[in-house]
Amino acid sequence: MGPVVKVPTSPSVVLRLDRVGTAWSVGSLSQIPSIQGLSAVSCSSPTNCVAVGERNTRKGLELPASTSFDGRRWTSAVDIPPFNPGAVIYDITCVSRSFCVAVGYQRDQAGTALTLVARFDGRRWTDMPTPNWATGNGSDADELNSISCSSDRDCVAVGDYYHNSVDSSLAEDFNGNSWRIVPTPSPGRKTTV
């Protein structure tokens, strides 16, 4: 077992595995222009990593954003659609320099949380439409918390949905063209009072 690295608990610390995979190096988020915090990172190679998190606007609003690492430095923040406050990105997966997918949730005008999936082609983000259980009444909620892709034609994202005071598991599958909800067991179903 290798040495244990203790890192101060601070949102301004980034850990990076070096190119040969034998040691950790610590860098500061101040190296990443305009990013306030990161929630996830995925690397398809030692010279292609994309991290997702949030940035603050001049008006003090938080927007989902990403930054890329080329093996030497982090790029400036790139906003992730839908470009609105209240959207949150939880996770990202990258299978190549031109195919990364991030997941989370966004709020509609009624305040309902809906799934958020966005694709990064190495230069810009585009919104990927996804199905939702939420009805748009403001009390239902859908969100995707984690994603894994084995290729640009095979992804699975998981999370949960809240409907009629019941919280249940949610899984969605991407076949290269569209997303669909996949039935899942919900053994941990809980009723909210």
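At-a-glance table
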item	result
Residues of segment 86-111 classified as of a type in the set (Val, Ile, Thr) and within 19 Å of Leu61 (Cα to Cα), total	2
Verdict on Val88 being modelled with pLDDT of 90 or more, in contact with a Phe, Trp or Tyr (Cβ under 8 Å, 6 or more places away or on another chain) and either among the aromatic types (Phe, Trp, Tyr) or open to solvent by 40 Å² or more (accessible area, probe 1.4 Å) (or both)	yes
Close pairs (6 angstrom Cβ cut-off, 6 or more residues apart or separate chains): outside any strand (DSSP E or B) in segment 132-151, acidic (Asp, Glu) and buried (at least 21 other Cβ atoms within 10 Å of the Cβ) anywhere	Asn132/Asp142; Trp133/Asp142; Ala134/Asp142
Matching option when the condition is in contact (Cβ under 8 Å) with a residue 24 or more places away in the chain, more than 23 Å from Gly37 (Cβ to Cβ), part of a strand (DSSP E or B) and over 9 Å from the mean Cα position of the chain (by Cα), among Thr115, Thr126	Thr126
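The values are calculated or read from the model by the stated rules, or taken from the named source; none is laboratory data. Worth saying up front: this structure is predicted, and the values here are computed from it rather than measured. No Cβ is skipped: glycine too gets one built from the backbone with ideal geometry, and neighbour counts run over all protein chains shown. Heavy atoms of the whole protein, side chains included, go into the accessibility calculation; ligands, DNA and RNA do not. Shrake-Rupley method; radii C 1.70, N 1.55, O 1.52, S 1.80 Å.
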